[in-house]
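Chemist: One structure, as structure tokens, below. Some questions next.
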Amino acid sequence: MTADDIPTAPETKSYDASVTNAGVITWRDGNVPFSPHFGDVYYSPKNGLAETRYVFIEGNNLPTAWQGRENFTIGETGFGTGLNFLAAWQAWLQAPHKSKRLHFVSVEKFPLSRNDMIRAHKIWPELSEFSKQLGDIWPTETMLPGIHRFILGNGAVSLTLLIGDAITCWSGYEGSIDCWFLDGFAPARNPGMWHASLFSAIVAASSTNGATLATFSAARIVRDGLESAGFTVSKRKGFEFKRDMITATLPAKEPQSEGSNRFHFTDDPWFNLPKNSNAKSVAVIGGGMAGAACADALRNRGCHVTIFEKRDQLADAASGNPIGMIEPYFTADDAIMGRFFEAGFCFSHRKIKRLADDGLIEAVFCGVLDLATSARKQERQDGLLARLADHPDLIQAMSRDEASACFGLPVPMGGVFYPSAGWVSPPSFVRALTNGIKCHVSTTITDIGDTHAGKTLISSDGREFGPYDAVIIAGATETSTLSQTRWLEDQLIPVRGQISYCPETVISELYGSANIQCVLSYKGHITPAKNGMHVFGATFLRDDEQTDLRDTDHAYNVAQLGKVFPKIAESLSSKSLDGRAALRTTTQDHLPVIGPAPDFEQYLSAYPDLDKGKKGARYINAPYHKDVYICTGFGARGLIGAPLAAEILASEICDMPLPLEKSLMDAVHPARFIVRGLKRRQITA
């Protein structure tokens, strides 16, 4: 951003204001953003790019530092306009010897809008190709607090943006950062950021192999803070007229052998992730949404992936429904489930939109109208609107008349509208994700074995596949049939769901047209027509694993539809309807299961007395089945959960920065059920 003593333009200079989701910024000297809140420009209008290259690129010995690396990760404390990111990306791309992938993890409390960011980049035409790619994927919607993952450079570059306070965000993130761009408004302008807690968080998020750091500031509070946190600090000539700047190094942490029984000073070692070498070949068991997303995420990281599907084709279970809603799951508070699925929706939205724009999948972002069908639902919607009152790009309140006009048919009540939501064809999504990936269909895997060369898979007909560096189990309830995951049998709940099809002509004959303009959600849902059919439903029957079409389920769907559209329901006969039934898999806490496969018996041996409330520091690191991972339990939210889950697992397997903060990673960790059971004495060693 800016140096302590870069002069700002005088107050008499003309400027114009722009209101963004971050508040108000103003513009000076044409396209230079200025923050009235901090009283400073984001960068020098004359030499901001040159300063970035001098302070951060050269100050961290780039590009030399990333030579010969598989992955290289840069951490930053103030994203601002993204100038440092663009400069680092350009330097990385132009370097003749560089890491295979570049990861950039940054914090921003007040993200700029897309238009403001693009405007701010115009001053540097040499960065235009990078700015365009960033602008193309930058959300037009509000970025809520949390972590947002963006994929650029044909998959070779990832940007992980932490929205929120720098100290809070970095304190809750495990980053494995190789070098730091310690940037932000200067200590004199933003003293709340340059705090001992930030320097400690930076150390905790640094790579175990050590890290370097560079910053424009040479203020005493920065020098002392870095030294107290463990950095070795050096002064360097500052950029242009600045006298000094700081560079620093952090020594490597003491290595620890795999499977070591040493005690670790962490609060919850049972959630510590295994240390992985970069996998080159991965087997994915399951060819639905979760498996396809995992395969795609790994392929984008250069892995050779093979999918194993027990059915005759991919996307043949719940992922085979012709239309699925892609709808945000907001909560009125800061609940874990809401935070996970908010992040999941944002990630899926970007991915699906990109594929749809390229003509690779069927998807329409027509919005989802959610009716307030009960007092309880109205109360929930009121809470959402109170929390997101300033974000009409995410959610809008609608009266009955407004809702009717939005939907295209008269509806009996108002509700809320999600303008960035819509529908997607799950089979087309799975096909796009798996295009070019090797698949074995009609292949039921019954065993995962170990050899000196890696993991092997055995099928029900005795065939052996492999070896592989890692295996992801991404099936449904059959996940618990494998020895490594058999303990999950009581945690994975089958839920039968049946959808029904309504011919478009039924509605057009009743209303004179069938101009349904968006997805409608009530105690069920109905979609715009696709291939002459509206999809409506669906049933939710727990612990029912049959997939036969049932007239009773059609009757239920018609009855639910009749509460909103009685005329349509009266025109439908449940016995003559077509539809589709499939199984979803959910969990008791309604969160998916994502992460390394715990060794159940070893967990019981390692943590037998968790119910005593003893501190985590006395326990060993989590014991896992080596190189085996789980991805399941999404229920009806696979479209907004599975792509993010795949990004999590691919990042874990390939030793890359994670796309979620630690609290959410722990919440979806497979071992949570074991830990919870031990603490509640529901499981005993």
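The values are calculated or read from the model by the stated rules, or taken from the named source; none is laboratory data. None of these values were measured; they are calculated from a predicted model. Every residue, glycine among them, receives a Cβ derived from its backbone with ideal geometry; neighbour counts consider all protein chains shown.
Chemist: Would you confirm, using the coordinates I've provided, whether Phe79 is under 28 Å from Asp244 (Cα atoms) and touching a Lys or Arg at 6+ places or on another chain (Cβ under 8 Å)?
Modeler: Answer is no for this residue.
Chemist: Given the options Ser428, Ser404, name the one that is surrounded by fewer than 19 Cβ atoms within 10 Å (Cβ to Cβ), under 23 Å from the mean Cα position of the chain (by Cα) and in a helix (DSSP H, G or I).
Modeler: Answer to the selection: Ser428.
Chemist: A further question follows. Is there a residue in the stretch 612-623 that is among the aliphatic types (A, V, I, L, M) and either surrounded by fewer than 24 Cβ atoms within 10 Å (Cβ to Cβ) or not assigned by TED's automatic domain parsing to the domain that holds Ile473 (or both)?
Modeler: Yes, the stretch 612-623 contains at least one residue that is among the aliphatic types (A, V, I, L, M) and either surrounded by fewer than 24 Cβ atoms within 10 Å (Cβ to Cβ) or not assigned by TED's automatic domain parsing to the domain that holds Ile473 (or both).
Chemist: Moving to a separate point now. Restricting to the stretch 574-607, name every residue that is part of a loop (DSSP other than H, G, I, E, B) and at positive phi.
Modeler: Of everything in the stretch 574-607, just one residue is part of a loop (DSSP other than H, G, I, E, B) and at positive phi, namely His590.
Chemist: Now for a separate question. Does the stretch 536-551 include one or more residues that are assigned to a helix (DSSP H, G or I) and modelled with pLDDT of 95 or more?
Modeler: There is at least one residue in the stretch 536-551 that is assigned to a helix (DSSP H, G or I) and modelled with pLDDT of 95 or more.
Chemist: Answer with yes or no whether Glu76 is over 31 Å from the mean Cα position of the chain (by Cα), at pLDDT 80 or above and of a type outside the set (Phe, Trp, Tyr).
Modeler: No, not satisfied.
Chemist: Has the stretch 250-261 got any residue that is modelled with pLDDT of 95 or more, buried (at least 16 other Cβ atoms within 10 Å of the Cβ) and touching a helix residue (DSSP H, G or I) at 6+ places or on another chain (Cβ under 6 Å)?
Modeler: No, the stretch 250-261 contains no residue that is modelled with pLDDT of 95 or more, buried (at least 16 other Cβ atoms within 10 Å of the Cβ) and touching a helix residue (DSSP H, G or I) at 6+ places or on another chain (Cβ under 6 Å).
Chemist: Taking the residues in the stretch 557-573 that are under 35 Å from the mean Cα position of the chain (by Cα) and in a helix (DSSP H, G or I) as candidates, determine which candidate is nearest to Arg400 (Cα to Cα).
Modeler: Looking at residues that are under 35 Å from the mean Cα position of the chain (by Cα) and in a helix (DSSP H, G or I), I get Leu561.
Chemist: May I ask you to list pairs of residues, at least six apart or on different chains, whose Cβ atoms are under 8 Å apart, with the first in the stretch 465-489 being in contact (Cβ under 8 Å) with a residue 60 or more places away in the chain and surrounded by 19 or more Cβ atoms within 10 Å (Cβ to Cβ) and the second being aromatic (Phe, Trp, Tyr) and in a strand (DSSP E or B)?
Modeler: Filtered contacts from the stretch 465-489: Ala470/Tyr629; Val471/Tyr629; Ile472/Tyr629; Ile473/Tyr629.
Chemist: Would you point out which residue out of Leu660, Leu644 is closer than 30 Å to Ala582 by Cβ and in a loop (DSSP other than H, G, I, E, B)?
Modeler: Leu660
Chemist: Would you check which residues across the stretch 468-486 are among the hydroxyl-bearing types (Ser, Thr, Tyr), within 18 Å of Asp627 (Cβ to Cβ) and in a helix (DSSP H, G or I) and list them?
Modeler: Passing the criteria: Thr479, Ser483, Thr485.
Chemist: Can you confirm whether Ala529 is on the phi < 0 side of the Ramachandran plot, among the hydrophobic types (A, V, I, L, M, F, W, C) and without any contact (Cβ under 8 Å) to a residue 24 or more places away in the chain?
Modeler: no
Chemist: While we're looking at this one, here's another question. If only one of Phe308, Phe345, Phe271 is modelled with pLDDT of 95 or more, in contact with a His (Cβ under 6 Å, 6 or more places away or on another chain) and surrounded by 19 or more Cβ atoms within 10 Å (Cβ to Cβ), which one is it?
Modeler: Step by step, each of Phe308, Phe345, Phe271 is checked, and only Phe308 is modelled with pLDDT of 95 or more, in contact with a His (Cβ under 6 Å, 6 or more places away or on another chain) and surrounded by 19 or more Cβ atoms within 10 Å (Cβ to Cβ).
Chemist: Report yes if Gly78 is farther than 26 Å from Phe199 by Cα, in a loop (DSSP other than H, G, I, E, B) and small (Gly, Ala, Ser), otherwise no.
Modeler: Against the criterion (farther than 26 Å from Phe199 by Cα, in a loop (DSSP other than H, G, I, E, B) and small (Gly, Ala, Ser)), Gly78 does not qualify.
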